[in-house]
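Encoded as structure tokens, the structure appears first; notes follow it.
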Amino acid sequence: MKKFLILIIFSLLFSNIVHANSKEKIKKDGFVIPTIKWKDKIKIDEIFEVSNPKDKIIIIYNHGSDGADVKLKDCFWRSELRNWAQLAGDKINDKEIMVYIHCQGQLEGDLGAKLGRIGMWTKNWEGPYPGISKMDRRVQGNLDVVKKFVKLGVPKKQIFISGHSCGGWATLRFTAEYMDEVGGGVSLMPACFWTLSKKFKVKKVGYEKAMEKLHKKKPGWAQWREDQIKLIKDGNAPILIFTHPMDPYEGLISDWMDDVPNFKRIVVSENKKINGKKCKLAGSNWEEPLKNAHLIDFADCFMHYHPLIKEYISSRIK
């Protein structure tokens, strides 16, 4: 009975880790069609072709995940693509931005296949990670897509990897290993190890004590994360990163990024406003206040950073 109740509790927890307007889901690859207004309907073009490829800038966007190492039915929420639909179609140095969404929900890691979504968090498995993880497969999947664009004639320096949450972590991982294959990366709220900042009460107990508890309670998760951080630091890729201190996932445990010389990290805000503007996210008219800081890059206020993102891209394609 006790095990049954634990399963119910975890099922409820994971079912609630969803993004705004979660019923609007996308399960395919394709180009985000540019929009005029932030509230405009989001559409995807599934045809994989690029006209005048030398005059295009390709941003490959990676989705987040509510199951770090297991198969998922869905990939994107339309809500997370609104800011990208605003950037798509813009030009940088006379080159047009195209945003390509890359669905990888069907991938699974060796450990995830063995323990399942709930098992990975409840069982105190020891590191190192045994085999090939979903994240490893996501990195390889991005490399495959990059090569497809290069084959179409898009110059490597005009291809950029990006992503939110677990997709933001995939951006860190990819650029650490394959920076010579792309122009750069834009990582948004990178996290792929559940709500560590919140779960281990970092704000209350401090970073060191929280991480000590993580290593004691979840040694496998902790070592897996640390191994990836070392790989990312060693890669020292010149990328742009956005984090938020109120992000319940890694918001208060992201300072290690400041030790990577080539990283340009932007701490978005101390609250749910950007440049004094309240952040709006979801609802029938897309005007509900932002509640979860992890999703701030989905909100209308995040458009404040579009010029910075374009400035970064411009600096990398010269």
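Computed from the coordinates by the stated procedures, all read-outs in this text should not be read as laboratory data. Please read all numbers here as calculations on a predicted model, not as lab measurements. Heads up, the Cβs are rebuilt from the backbone with ideal geometry, glycines too, and the neighbour counts pull from every protein chain shown.
Amide H neighbours of Ile59 under 5 Å, counting only residues 5+ apart in sequence or on other chains, H built in-plane at 1.01 Å?
Met98, Val99, Tyr100, Phe160
Within the set of other residues whose C-beta is less than 13 Å from the C-beta of Lys216, count the net charge using Lys and Arg as +1 and Asp and Glu as -1. Could you put the intermediate results ahead of the total?
Working: positive: Lys209, Lys213, Lys217, Lys218; negative: Glu126, Glu208, Glu212.
Net local charge, Lys216 excluded: +1.
What pairs from Lys134/Lys198; Lys54/Lys95; Lys25/Lys95; Lys198/Lys218 go past 19 Å between their alpha carbons? Don't jump to the answer; show the numbers that get you there.
Working: Lys134/Lys198 24 Å; Lys54/Lys95 8 Å; Lys25/Lys95 30 Å; Lys198/Lys218 15 Å.
Check vs 19 Å cut-off fails for Lys134/Lys198; Lys25/Lys95.
Could you give the distance between the Cα centres of the stretch 93-126 and the stretch 284-318, to the whole Å?
23
What is the spin-label model distance, in nm, from Ala113 to Lys277 if the labels are put 7 Å beyond Cα along the C-beta direction?
4.5
Stretched out fully, how many nm does the piece from Glu126 to Leu231 gain, at 0.36 nm a residue minus the Cα gap? Don't jump to the answer; show the numbers that get you there.
On the way: separation 105, 0.36 × 105 = 37.80 nm, distance 1.93 nm.
So the chain would gain 35.9 nm between Glu126 and Leu231.
Using amide H atoms built 1.01 Å from N in the peptide plane, name the residues 5+ places from Ser187, or on other chains, whose amide H lies under 5 Å from its own.
Sorted by chain and number, the residues that satisfy this are Leu240, Ile241, Phe242.
Relative to the longest principal Cα axis of the chain, at what angle does helix 2-15 sit, 0 to 90 degrees, rounded to 10?
20
Starting from the 7 Å offset along Cα-to-Cβ, what nm value, one decimal, do you get for the label separation of Gln140 and Lys264?
Going from the Gln140 label point to the Lys264 one covers 3.3 nm.
Under 10 Å from the Cβ of Met246, count the other residues' Cβ atoms, weight Lys and Arg +1, Asp and Glu -1, and hand me the total. Walk me through the numbers before you get to the answer.
Working: positive: Lys198, Lys203, Lys272; negative: Asp247, Glu270.
With Lys, Arg at +1 and Asp, Glu at -1, the net is +1.
Give the calculated FRET efficiency between Lys156 and Ser315 to the nearest 0.05, with a Förster radius of 22 Å applied to their Cβ-Cβ distance. It would help to have the intermediate numbers written out before the result.
Details: r = 16 Å, r/R0 = 0.72.
In this case the efficiency is close to 0.90.
For the stretch 131-146, what does the Karplus curve 6.51 cos²θ - 1.76 cosθ + 1.60, with θ = phi - 60°, yield as ³J(HN,Hα) per residue in whole Hz, taken in order and with x for Gly and Pro?
For the stretch 131-146, the Karplus curve yields x, 10, 8, 4, 4, 4, 6, 5, 4, 5, x, 5, 4, 4, 5, 4 Hz.
Give Lys157/Lys310; Lys230/Lys278; Lys114/Lys151; Lys91/Lys264; Lys28/Lys147 a once-over and call out the pairs whose C-alpha atoms are over 25 Å from each other. Working shown, then result.
On the way: Lys157/Lys310 14 Å; Lys230/Lys278 36 Å; Lys114/Lys151 37 Å; Lys91/Lys264 22 Å; Lys28/Lys147 19 Å.
Distance filter (> 25 Å) returns Lys230/Lys278; Lys114/Lys151.
Counting only other residues whose beta carbon sits under 9 Å from that of Thr35, what net charge do I get with K and R as +1, D and E as -1?
Working: positive: Lys37, Lys39, Lys41, Lys43, Arg82; negative: Asp40.
Summing Lys/Arg as +1 and Asp/Glu as -1 gives +4.
Connecting C-alpha atoms closer than 10 Å in a GNM of the chain, tell me which of Leu231, Leu188, Leu172 has the biggest fluctuation.
In the Gaussian network model the winner is Leu231.
Relative contact order for the chain using alpha-carbon pairs under 8 Å, separation at least 6, rounded to a whole percent?
On the way: 609 pairs, mean separation 53.7, N = 318.
RCO, the chain: 17 percent.
Below 20 Å, Cα to Cα, which aspartates and glutamates can Lys213 reach? Residues fewer than 8 away in the same chain don't count.
Within the straight-line limit of under 20 Å, Lys213 reaches these aspartates and glutamates: Glu126, Glu226, Asp227, Asp247, Glu250, Asp255.
Would you kindly derive the ³J(HN,Hα) couplings of the stretch 68-76 from the backbone phi angles with the Karplus curve 6.51 cos²θ - 1.76 cosθ + 1.60 (θ = phi - 60°), listing them in order in whole Hz, with x for Gly and Pro?
Rounded to whole hertz, the list is 4, 10, 10, 5, 10, 6, 10, 10, 10.
Assuming R0 = 45 Å, what is the FRET efficiency of Glu288 and Asp55, from their Cβ-Cβ distance, to the nearest 0.05?
On the way: r = 38 Å, r/R0 = 0.86.
Here the calculated transfer efficiency is 0.70.
Taking θ as phi - 60°, what are the ³J(HN,Hα) couplings along the stretch 172-179 by the Karplus curve (6.51, -1.76, 1.60), each to the nearest whole Hz, with x for Gly and Pro?
Values, residue by residue: 4, 5, 4, 5, 5, 9, 10, 4 Hz.
So for the pair Lys28, Asp94, with labels modelled 7 Å out along Cα→Cβ, what separation do we get in nm?
3.5
How big is the charge dipole of the chain about its Cα centre, in debye rounded to the nearest 20, if each Lys and Arg gets +1 on its Cβ and each Asp and Glu gets -1 on its Cβ? All intermediate terms of the calculation are to be shown ahead of the outcome.
Working: 54 positive and 38 negative charges, 177 e Å.
Dipole about the Cα centre, nearest 20: 840 debye.
State to the nearest 20 debye the size of the charge dipole of the stretch 103-144 about its Cα centre, where the only charges are +1 on K and R beta carbons and -1 on D and E beta carbons.
On the way: 6 positive and 5 negative charges, 33 e Å.
Here the stretch 103-144 has a charge dipole of around 160 debye.
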